[in-house]
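So the structure is just underneath, and the comments pick up after that.
The values are calculated or read from the model by the stated rules, or taken from the named source; none is laboratory data. Quick caveat: nothing in here was measured; it's all calculated off a predicted structure. Methodologically, a virtual Cβ is constructed for each residue, glycine included, from the backbone with ideal geometry; neighbour enumeration extends over all protein chains shown.
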Amino acid sequence: MTYDVVFHPDVEKFTIYPEFKKFACDTAIDGINKVVAENKEKVSNDYKILKHINCKGERPNKMLVKTRKTQENELLKNMDLSKTESKL
């Protein structure tokens, strides 16, 4: 299985520090484990960061998430936040 994980672009600036890179990887694995736990599965914490790997002959591109910048968040505007519960 392959899982895509998205971090804020500023996170990459701090991955020059090995401790922070490990923290980012562990955070990604924890997030995936929360999703796959619904199917009683678990992702191994044993990982390897691959360097100089090509994808279809080229370096993989960064994944970008398009967002629409507005003054107000339309979803939050229509939601009564006092009646919501977080799973985290």
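Quick check on Glu38: is it modelled with pLDDT under 90 and over 20 Å from Lys62 (Cβ atoms)?
yes
Counting only residues that are among the aliphatic types (A, V, I, L, M) and modelled with pLDDT under 90, how many does region 1-35 have?
6
Cβ-Cβ below 7 Å, separation at least six or inter-chain, first residue in region 7-20 and under 13 Å from Met63 (Cα atoms), second in a helix (DSSP H, G or I) and aliphatic (A, V, I, L, M): which pairs?
So the pair list comes out as Phe7/Ala24.
Mind listing whichever residues of region 1-42 are among the polar types (S, T, N, Q) and not in a loop (DSSP other than H, G, I, E, B)?
Thr27, Asn33, Asn39, listed by residue number.
Residues checked against (1) touching a Cys at 6+ places or on another chain (Cβ under 9 Å); (2) exposed (fewer than 12 other Cβ atoms within 10 Å of the Cβ):
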position	(1), (2)
Lys22	no, no
Thr27	no, no
Gly31	no, no
Glu38	no, yes
Ser44	no, yes
Ile49	yes, yes
Asn54	no, yes
Leu64	no, yes
